[in-house]
Amino acid sequence: MKALITGASSGIGAEFARILSEKGYDLILVARRKKKMETLAKQLKTNVKIIELDISSTYNCMKLYEEVKKEKIDILINNAGFGLFGKFNDTKLDTELDMIDLNIKTVHALTKLFLKDFKKRDSGYILNVASAAAFLPGPLMSTYYATKSYVLHLTLAINEELKKDDSNVYIGALCPGPVDTEFNKIAKVKFNLPSVDSSYVCNYAIKQMNKRKMIIIPSVKTKIGVYLAKILPMNLKLKVSYNIQERKDR
């Protein structure tokens, strides 16, 4: 058994690596920070291949796929991504375009490349890490919210196509709320809402993935928030979302 995890140098990606290694999976870890992955690999019980690569470019996604396509990968976890806090008028365009490349184009490319192989052999799991942010617009984090909405809706559409094809391939979206990771530091925010432990999130996600759950939401509070996001009128959702974002300290 083998799993490929992107964004594996820290946070949710690293936690997925620990849990899957405990379950006997050999691992392919992909990220830009080689030293962090090497440190992580020393803690793991199974075989680990480290690939130091910036996968925010489509070219590097193809390069990654070409390097590992002959290995029988059972699980692909598209975890790499980042956020940015600030008014759309004030945030840097280059940073936002980098975010779109990593959060959207990378997930899109790797999902398509590996899905084709998974479908040919009629087995495999793809878990795309989205966010509870995917369910509503996010003033003050507008680009991040929009990218996660793309990930969620792409995943749901593919899931339905696989069902219609009677395929045994699984694809699902992990949609956590605030998680205690490096995300906050990179996005330059501090959540006032309680953060969930990354170990709990990843353990829950793997259990639900094995149950073939299409949308995975790890905490009760987040599930309630997502439910409210579905039923509230848009103007109210925007006000609530803005107020939540505004309480974040830069």
Note to self: Kirkwood Rh of the chain, Cα pairs, one decimal, Å, is 18.4 Å
So the angle from the long Cα axis of helix 107-121 to the longest Cα principal axis of the chain, reported in degrees to the nearest 10, equals 40 degrees
Amide H proximity to L27 below 5 Å, modelled H, separation 5+ or other chain, gives A3, N47, V48, K49
Averaged over all viewing directions, the convex hull of the alpha carbons in the stretch 1-65 casts a projected area in nm² of 3.9 nm²
In units of 2.2 N^0.38 Å, the Cα radius of gyration of the stretch 67-216 is 1.07
So for R0 = 35 Å, FRET eff. of K120-V240 from the Cβ-Cβ r, to 0.05, ends up at 0.20
Given the candidates M99, F85, T111, the one whose Cα lies deepest towards the positive end of the charge dipole of the stretch 44-112, counting +1 at each Lys or Arg C-beta and -1 at each Asp or Glu C-beta, is T111
Restricting to Cα pairs under 8 Å and 6 or more apart, the percent relative contact order of the chain works out to 19 percent
Length gained if D165 through M214 is fully extended, taking 0.36 nm per residue and subtracting the Cα-Cα distance, is 16.0 nm
Rounded to the nearest 0.05, FRET efficiency between N60 and L232 (Cβ-Cβ, R0 30 Å) equals 0.15
Hydrodynamic calc, the stretch 73-122: Kirkwood Rh from Cα pairs, then Stokes-Einstein at 4 °C with viscosity 1.567 mPa s, so D in µm² s⁻¹ is 102 µm²/s
Magnitude of the Cβ-charge dipole (Lys and Arg +1, Asp and Glu -1) of the stretch 74-154 about the Cα centre, nearest 20 debye, reported as 280 debye
A correct Karplus calculation of ³J(HN,Hα) over the stretch 129-135, with 6.51 cos²θ - 1.76 cosθ + 1.60, θ = phi - 60°, whole Hz and x for Gly and Pro, returns 7, 9, 5, 4, 4, 5, 8
With +1 on the Cβ of every Lys and Arg and -1 on the Cβ of every Asp and Glu, the dipole magnitude of the chain about its Cα centre, in debye rounded to the nearest 20, is 380 debye
Measuring from the longest principal axis of the C-alpha atoms of the chain, the long axis of helix 198-210 (C-alpha) lies at a number of degrees, nearest 10, equal to 60 degrees
Kirkwood radius from Cα pairs of the stretch 18-144 plugged into Stokes-Einstein at 10 °C, 1.306 mPa s, gives D in µm²/s equal to 98 µm²/s
If one compares the long axis through the Cα atoms of helix 11-22 with the longest principal axis of the Cα atoms of the chain, the angle in degrees, nearest 10, works out at 30 degrees
Phi angles of the stretch 153-164, converted by Karplus (6.51 cos²θ - 1.76 cosθ + 1.60, θ = phi - 60°) into ³J(HN,Hα) in whole Hz with x for Gly and Pro, give 6, 4, 4, 5, 5, 5, 4, 5, 4, 5, 4, 5
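Values in this text are rule-based calculations from the coordinates and carry no lab data. The structure displayed is predicted, hence computed values, not measured ones. Note: ideal-geometry Cβ built from the backbone for every residue, glycine included; neighbour counts use all protein chains shown.
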